[in-house]
Amino acid sequence: MITMILASLLGDVIALAFGITLIYRKKGVEAFARYATPFAAGALLGAAFTDLLPDAVGEGSPNLAFLGTLAGILGFFLLERFVHWFHHHRDDNQADEDRDATVPLIVIGNILHRAIDGVAIAAGFLTSSRLGLVITVAIVIHEIPHTVGDFGLLIYKGLDKTRVTLINVAVALFTTLIAIAIYALGHEVSLPLGALIGITAGFFIYIAVSDIIPDIHVHEERRFIGAQSFLLIFGAVLVAFLMELLHHFFGNV
């Protein structure tokens, strides 16, 4: 559990450090997010298909692993639909209170997102230290541009930098708390780890395919392969290559 806690906390510190540094520098936030996000999407796809899904299948029933993946994709689709529905519902009824409606929604969405991250990290470490570290690294790669975007969005909504920093620190710690709770539960009862890892893979795939890839199509409409497309492919290939090296040298440790 100590390794899991340290890995989770270190990942949060790295993501927060990027967010805090960029918002206080003011310059480079948009450029960083524009190019870091597609690389993160590629990394998530590489981790999902070359490490998480094989490990999920290896935990037991392949059907359960792939059902978990499907449940992850559909579940996160429904969660995103709920967030959009709730946001527009509040806008329709409280148009004059846009900031008051949107800021809590951003924070609640981040808490749910972090809770999912915590479950994923715990499920990984319950399977093996290697898988736990792989999931943690993949989450951190995604969370860096995501955290930077959250910092910028909350500042745009009128919050000062100190409040934005405190909110993001509190939300980030939620990942570690959920990871600890699920990890402890996993030692008391038998959790369906294959399904949980499959759900994590579905989460990674959904983020990349439904959110980030369509955005690349919009930004690179007139090009076949632009910088963002290259970074997406590079991220996927790099992580796939690193996963093969990890499997070759460390196996399922």
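Only the coordinates and a few stated rules stand behind these numbers; no lab work does. These figures come from a predicted structure and were not determined experimentally. Glycine also receives a Cβ, built like all others from the backbone with ideal geometry; neighbour counts cover every protein chain displayed.
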Item to check | Spin-label model distance (nm) - residue 9 vs residue 215, 7 Å beyond Cα toward Cβ | outcome: 3.1 nm
Checklist entry - To two decimal places, what compactness ratio does the chain give when its Cα radius of gyration is scaled by 2.2 N^0.38 Å? => result 1.01
Checklist entry - GluC sites (Glu not before Pro), restricted to region 161-253: which are DSSP loop and have at most 13 other Cβ atoms within 10 Å? => result 221
Checklist entry - Using 1/(1 + (r/R0)^6) with R0 = 45 angstrom and r between the beta carbons of residue 111 and residue 244, what's the FRET efficiency to the nearest 0.05? => result 0.80
Checklist entry - Modelled label-to-label distance, residue 137 and residue 161, 7 Å Cα→beta-carbon offset: nm? => result 3.3 nm
Checklist entry - Given charges of +1 on the Cβ of Lys and Arg and -1 on the Cβ of Asp and Glu, with all other atoms neutral, how large is the dipole of the chain about its Cα centre, in debye to the nearest 20? => result 560 debye
Checklist outcome for this item: Out of 33, 121, 185 - ranked by how far each Cα lies towards the positive end of the dipole of region 2-250, with unit charges on the beta-carbon of charged residues - the top one is 33
Item to check | Per-residue Cβ neighbour rank within 10 angstrom, fewest leading, 224, 204, 77 | outcome: 224, 77, 204
Checklist entry - Would you list 13, 148, 140 from fewest to most Cβ contacts within 10 Å? => result 13, 140, 148
Checklist entry - Extent of region 136-237 along each principal axis, from alpha carbon coordinates, in Å, largest to smallest? => result 55, 39, 18
